[in-house]
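Visitor: I am attaching a structure below and will ask some questions about it afterwards.
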Amino acid sequence: MASARPVLEAPEIGRVLTRIAHEVLERNRGADDLVLLGIPTRGTHLARRVAERLVAAEPGAGPLEQLVGSLDVTMHRDDLRRNPVRALGRTSLPPGGVDDRVVVLVDDVLFSGRTVRAALDALSDLGRPRAVRLAVLVDRGHRQLPIRADHVGKNLPTAAEESVRVMLEEVDGRDAVLISGPDGAPEPTTEPAAEPAPGAADAEGAR
Amino acid sequence: MRHLLSAADLSREGALELLDVAEEMAATQAREIKKLPTLRGRTVVNLFFEDSTRTRISFEAAAKRLSADVITFSAKGSSVSKGESLKDTALTLQAMGADAVVLRHSASGAAHRLAHAGWSGVGVLNAGDGTHEHPTQALLDAFTLRRRLAERAGGDPARVLEGARVAVVGDVLHSRVARSNVLLLETLGADVVLVAPPTLLPVGVGTWPCRTSWDLDAVLPDVDAVMVLRVQRERMGGGGFFPSAQEYTRRFGLDGRRLRLLPDHALVMHPGPMNRGLEISAEAADSPRSTIVEQVANGVAVRMAALYLLLAGEDAA
């Protein structure tokens, strides 16, 4: 994608995740009762990276396996009937479960908020956390539901028809956040498309 | 996936995707809250023209765990006993807003007819048609086998069944389970051998992608699993397929002595219901290597996966 413009590169992503880890610790006054749940696919890897930084920063934080898990939201999505059928991701909770703990949901891009809505529903089937917070690498705006993030890596003003793509070493072989115009066209120097591209809403939770 | 009619319709990728989805479904069934909202607003009709307990209950549980509405329709006590045709029944179901039909019928090809005759646009899941196919049973057998072999050997779940050796023993002639299993296991790369008296092998078995044998004792030491089929005496009419039940048991029954011929890791499978004492002894059926109860539990997860793949996506119609 020659037309995609990078907005974050690997070193910045690393610094942003370190900051988020510290914010999470500060907000929670330590690592007690914390559980980080990543939303597959990329949220899972981000959750793991934040947890690694958290363990490094806080001597009292438990081993990584007690701290991090993944939460697949596919079966709770409200747009299943609008798209071809999706494969399922993995849900795995740390041994203590989520009851009475503070769950931090981690995802790559916050867009419409629908993925987070699905995650909250999925979470309520797994237990009753004491509190749920949300950490995202990129908040690109255009919310369709009353949802906000507690910890944001970067606020990224975008047009609805632009697409934001997060690439991670574990999945894509490199770390970057890219933004591109509709249909991968260069910056919208010409007239923008009359309607948002049908695929634009899928950029969130792209897998 | 539009319909699930035959194990032969599944590509290797399609079958593995279904097994992977079933693995996630099984994980949800280990939780306190087993119900998922995924198929809310969809209607699944269980259309059973033939007696069945476990398949019907399994499909019903699977659909309900995914929040679909389930209408169960058995031929007894319905208009079918008044002579209504499959076509008219299908039109009735469509008028009621069914999204998928799970069909069990005594006629081979009934599910194919319902899916392709142009009577209605609903998705069809074959839950056993005559002596032809029973694809979800084959899928749950493959799921059980894959899980157990992966626990033992580890490795890439997509390749666990490659080269696995499976013996299918007994009444192959009347068994829809055998045909579906042979086709699916071949797709997944397993090596299947059918063991049966010549009278209980179908005509044309030479064209199936498997080997055949008449000597169970010679086969058992080299398999990873033995699937025992039910002797379907209700389909045998006047008999004549084997001289006596005792002789069948002596030649092809899985008893304690034959159990000890199996390698240590080998599994004993049976699609149920069992004729204890005929094709399988109590010792074999209740031994620790028997997966018979596990197969039933896995059946729900596999059928959830099939319903999910059939119904969760955008409307194909």
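The values are calculated or read from the model by the stated rules, or taken from the named source; none is laboratory data. Model, not experiment: these values are computed from the prediction. With ideal geometry, Cβ positions are generated from the backbone for all residues, glycine too; neighbour counts draw on all protein chains shown. Remember, those area values only see protein heavy atoms, side chains included, never the ligands or the DNA or RNA. Shrake-Rupley method; radii C 1.70, N 1.55, O 1.52, S 1.80 Å.
Visitor: Looking only at segment A:33-50, count every residue that is part of a helix (DSSP H, G or I) and within 25 Å of A:T158 (Cα to Cα) and tell me the total.
Guide: Going through segment A:33-50, the residues part of a helix (DSSP H, G or I) turn out to be A:42-50.
Imposing the further condition that a residue be within 25 Å of A:T158 (Cα to Cα) reduces the set to A:42-47.
Matching residues across segment A:33-50 total 6.
Visitor: Does B:R159 satisfy the condition of being charged (D, E, K, R), in contact (Cβ under 8 Å) with a residue 40 or more places away in the chain, open to solvent by 10 Å² or more (accessible area, probe 1.4 Å) and more than 22 Å from B:V70 (Cβ to Cβ)?
Guide: On the way: charged (D, E, K, R): yes; in contact (Cβ under 8 Å) with a residue 40 or more places away in the chain: no; open to solvent by 10 Å² or more (accessible area, probe 1.4 Å): yes; more than 22 Å from B:V70 (Cβ to Cβ): yes.
It is false that B:R159 is charged (D, E, K, R), in contact (Cβ under 8 Å) with a residue 40 or more places away in the chain, open to solvent by 10 Å² or more (accessible area, probe 1.4 Å) and more than 22 Å from B:V70 (Cβ to Cβ).
Visitor: When you scan segment B:54-75, do you find a residue that is at pLDDT 95 or above, open to solvent by 40 Å² or more (accessible area, probe 1.4 Å), within 12 Å of chain A (Cβ to nearest Cβ) and in contact with a Lys or Arg (Cβ under 9 Å, 6 or more places away or on another chain), even just one?
Guide: yes
Visitor: Here's something else I'd like to know. Suppose we filter segment B:27-53 for residues that are touching a residue at least 40 places away in the same chain (Cβ under 8 Å) and more than 11 Å from chain A (Cβ to nearest Cβ); how many remain?
Guide: Of the residues in that region, 11 qualify.
Visitor: Out of all the residues in segment B:13-25, is one or more at pLDDT below 90 and either acidic (D, E) or open to solvent by less than 60 Å² (accessible area, probe 1.4 Å) (or both)?
Guide: Within segment B:13-25, not a single residue is at pLDDT below 90 and either acidic (D, E) or open to solvent by less than 60 Å² (accessible area, probe 1.4 Å) (or both).
Visitor: Something else: Only residues that are more than 9 Å from chain B (Cβ to nearest Cβ) and free of Cβ contacts under 8 Å to residues at least 60 places away in the same chain: list them for segment A:74-103, please.
Guide: If the condition is that a residue be more than 9 Å from chain B (Cβ to nearest Cβ) and free of Cβ contacts under 8 Å to residues at least 60 places away in the same chain, then A:D78, A:L93, A:P94, A:P95, A:G97, A:D99 are the ones that fit.
Visitor: Scan segment A:92-108 for residues that are open to solvent by less than 40 Å² (accessible area, probe 1.4 Å) and more than 24 Å from A:R148 (Cβ to Cβ) and jot them down.
Guide: Result: A:P94, A:G97.
Visitor: Residue under question is B:V226, and the condition is that it be open to solvent by less than 20 Å² (accessible area, probe 1.4 Å), touching a strand residue (DSSP E or B) at 6+ places or on another chain (Cβ under 6 Å), outside any helix (DSSP H, G or I) and in the same structural domain as B:Q246 (by TED's automatic domain parsing); does it hold?
Guide: Yes.
Visitor: Could you list, in sequence order, all residues of segment B:229-244 that are touching a residue at least 60 places away in the same chain (Cβ under 8 Å) and surrounded by fewer than 17 Cβ atoms within 10 Å (Cβ to Cβ)? Don't jump to the end; show me each part of the working.
Guide: Of all residues in segment B:229-244, those touching a residue at least 60 places away in the same chain (Cβ under 8 Å) come to B:229-232, B:235-236, B:241.
If the condition is that a residue be touching a residue at least 60 places away in the same chain (Cβ under 8 Å) and surrounded by fewer than 17 Cβ atoms within 10 Å (Cβ to Cβ), then B:R235, B:M236 are the ones that fit.
Visitor: Let me ask something else. Taking the options A:A131, A:A47, A:A56, A:A31, name whichever one is away from chain B (no Cβ under 14 Å), within 25 Å of A:R143 (Cβ to Cβ) and free of Cβ contacts under 8 Å to residues at least 40 places away in the same chain.
Guide: On the way: A:A47 fails: free of Cβ contacts under 8 Å to residues at least 40 places away in the same chain; A:A56 fails: within 25 Å of A:R143 (Cβ to Cβ); A:A31 fails: within 25 Å of A:R143 (Cβ to Cβ).
Selected residue: A:A131, the only one of A:A131, A:A47, A:A56, A:A31 that is away from chain B (no Cβ under 14 Å), within 25 Å of A:R143 (Cβ to Cβ) and free of Cβ contacts under 8 Å to residues at least 40 places away in the same chain.
Visitor: If I ask for residues that are in a helix (DSSP H, G or I), free of Cβ contacts under 8 Å to residues at least 60 places away in the same chain and either acidic (D, E) or within 21 Å of B:S6 (Cα to Cα) (or both), which ones from segment B:276-317 would you list?
Guide: Listed by number, the list holds a single entry, B:E283.
Visitor: Another one. Run A:L71 past the list (1) within 14 Å of chain B (Cβ to nearest Cβ); (2) in contact (Cβ under 8 Å) with a residue 60 or more places away in the chain; (3) touching a strand residue (DSSP E or B) at 6+ places or on another chain (Cβ under 7 Å) and report the number of the one that doesn't hold.
Guide: Tallying (1) within 14 Å of chain B (Cβ to nearest Cβ); (2) in contact (Cβ under 8 Å) with a residue 60 or more places away in the chain; (3) touching a strand residue (DSSP E or B) at 6+ places or on another chain (Cβ under 7 Å), A:L71 fails exactly one: (2).
Visitor: Scan segment A:1-32 residue by residue and report those that are surrounded by fewer than 16 Cβ atoms within 10 Å (Cβ to Cβ) and part of a loop (DSSP other than H, G, I, E, B).
Guide: A:M1, A:A2, A:S3, A:R29, A:G30, A:D32, listed by residue number.
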